[in-house]
Amino acid sequence: MGPSYYLAFVFALWAVGIYCLATKRNMLRMIFGLEIMINAANLSFISLATGVPGFVDPLAHSIVIVSIGLSGGVSAVAITLVVYAYRQYGTLDIRELKRLRG
Amino acid sequence: MFALPLDLLLLFTALSPLAGILAARMRRNAISGVYSAAALAAAAVSIYPVYQGASAGAVSSIVNVGAFTSYMRVDMLAVAMSAVFLMLGVAAAVYSISYMSKERSSPLYYSLLLSMISGMVGVVYSGDLFTLFVFWEMMCISSYVLVAFSRGGGDSVEAAFKYLVMSGAGSATILLGISLLYGMSGTLSFEGLALAFGRSEPSLWIYVASIVSLIGFGVKAAVVPLHTWLPDAHSAAPSPISALLSGVVIEVGIYALCRLCFTAFLPVQPQWLPIVMVLSVVTMVVGNVMPLLQGDVKRLLAYSSIGHMGYMLAGLSIGTQLALTGTFLHIFNHALMKGAAFLCVGAIIYRIGSRQIGDMSGIARRMPITATALAISLFALIGMPPLNGFISELTIVTAAFQSDLVWLGIAVILNSVLSASYYLRVIRVMLQPTASEAVQGTKDAPWLMLLPICALVGMIVIFGLWPDPVMDLMQRSAAGLITLLSQVTG
């Protein structure tokens, strides 16, 4: 099975992430969408690491490990902001937030 | 470990909590402010030996520390960009000493400020896309927190969340683009990419990778359909952070696009650059029409940053050496002009406590130095002849005419004429003879705020009258960028 099947799946996953960011109103669900997009990119790296038959390039795997760490940092900051927003407005709905700010 | 200025910055960032503890013990927040300003100044001075190395032609270094291998590539462009970042960083740090003095958690603020600037310097010094991505995320994560830092809460949390979601989606898209380039070439270093793609025929996947990367870096560079986070984030942040975000952080996106355009995207350049050209015209029109509708002075300046990103993208899309010189010169000049403008506006907001332009009437009589500096930086943003904004816009327009893209040059000229209308409105309100209620009884900004403002405005005037040294530096940067492929193949 060539990498093109994996790449089709990667782009589908990326589109799911974008759809999630565009349509969801809950702030936590938007963070999930962001994570799905990052995972699509990670999967793309892993599937492209086997360019030469019988050999797996460690560069791609090290990038994915670092990228998982970085996405953990982004999620931590995002969840902190969600906690602050909830304390301030008492809701997680992104559209309510705009209305409350007025 | 890496290049000298980056090592110093990372070391000082790691040690900044110690200064924070000391500041908390002695109950003097100024200690961590002075520490971060001194750290940035030390890093700025240490650029000089790196500059000498880059002039002599030493560009690459492969650093191997145990299991960790990183690849730095410090050429003239990297030196010039890092000098711009550190210059504005020092100004913002000195300004923050007085601006953030009432903030209880300001030691945290200075740690984040240092790590954001280290991330930016790391991005321009990195020699492969992996290192670039790691420093890119370092810059992004610190800037998300800094946007949410402003006092009084309010809309800053919402603006920071919007910024995080859009910029995070951009980073994920960048990573996807990098993975496609990796899958095609098996390498991520810029030289390797130039070798792998430089003289090859374009394939379907390189088109996909170039579009995906344009979307990803375009979010950070505020290319127009992807710009919606910028006015919110830049107006909600504390003023020194707004100056840094508008002055240098968004330019890092342009830097990355320039770098990729002349390495990996060489085969698709004839198709890719016209797309960028159309986007640049849309960007500058939107960035110059939207400020006309704004009553909030920080939102006005944030939208005008989008307009200036349009000029820089126009320079990139022409793609000749003269045009890239104009782009890099405009990055330098925009950092000075927009940095000074945001710092002046911050000083006025600090005194009168309002961001509405209407509340600033008559401020010129109460805060003469700040108002004069703001007027000079706004005239430079319009592109008035003796000031530095004129030089770089003229360079971009000249390059457009030389490449037979007359309509693009005319678009840039018309846009800078259009931009005069809203900048002059701010100056007219400041000069009104009747003072508004908020302005009554205010005095000029504290001297620690005036010091970086006057330094930046002084540089605006000096580099407007005598642009030769910077012009020469940017010309060599552009030449180094364009000839990267021929340097590698020899």
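Structure above, values below:
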item	result
Matching entry among B:A93, B:A78, B:A83, B:A160 (being surrounded by fewer than 24 Cβ atoms within 10 Å (Cβ to Cβ) and either of a type in the set (D, E) or touching a helix residue (DSSP H, G or I) at 6+ places or on another chain (Cβ under 8 Å) (or both))	B:A83
Qualifying residue in the stretch A:3-22 (condition: among the aromatic types (F, W, Y), in a helix (DSSP H, G or I), touching a residue at least 40 places away in the same chain (Cβ under 8 Å) and more than 9 Å from chain B (Cβ to nearest Cβ))	yes
Flag for A:A60 being among the small types (G, A, S), in contact with a helix residue (DSSP H, G or I) (Cβ under 7 Å, 6 or more places away or on another chain) and free of Cβ contacts under 8 Å to residues at least 40 places away in the same chain	yes
Hey, B:I331 surrounded by fewer than 24 Cβ atoms within 10 Å (Cβ to Cβ) and of a type in the set (V, I, T) or not	no
The stretch B:134-180, residues that are within 7 Å of chain A (Cβ to nearest Cβ), part of a loop (DSSP other than H, G, I, E, B) and of a type in the set (D, E, K, R)	B:D155
A:Y84 vs. criteria facing chain B (nearest Cβ under 7 Å) and in a helix (DSSP H, G or I)	yes
Residues of the stretch B:113-140 satisfying the condition of being among the β-branched types (V, I, T) and buried (at least 24 other Cβ atoms within 10 Å of the Cβ)	B:I117, B:V121, B:V123, B:V124
Selection status of B:Y311, surrounded by 23 or more Cβ atoms within 10 Å (Cβ to Cβ) and farther than 16 Å from B:V397 by Cβ	no
Test: residue in the stretch B:124-136 that is under 21 Å from B:A194 (Cα atoms), among the polar types (S, T, N, Q) and in contact (Cβ under 8 Å) with a residue 60 or more places away in the chain	yes
Subset of the stretch A:55-79 (residues that are more than 7 Å from chain B (Cβ to nearest Cβ) and either small (G, A, S) or under 17 Å from the mean Cα position of the chain (by Cα) (or both))	A:S62, A:V64, A:I65, A:I68, A:G69, A:S71, A:G72, A:S75, A:A76, A:I79
Of residues in the stretch B:181-207 being within 11 Å of chain A (Cβ to nearest Cβ) and within 27 Å of the chain's Cα centre (by Cα), the one modelled with the highest pLDDT	B:L181
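The values are calculated or read from the model by the stated rules, or taken from the named source; none is laboratory data. The shown structure was predicted, so the numbers you read here are calculated from the model rather than taken from an experiment. Glycine also receives a Cβ, built like all others from the backbone with ideal geometry; neighbour counts cover every protein chain displayed.
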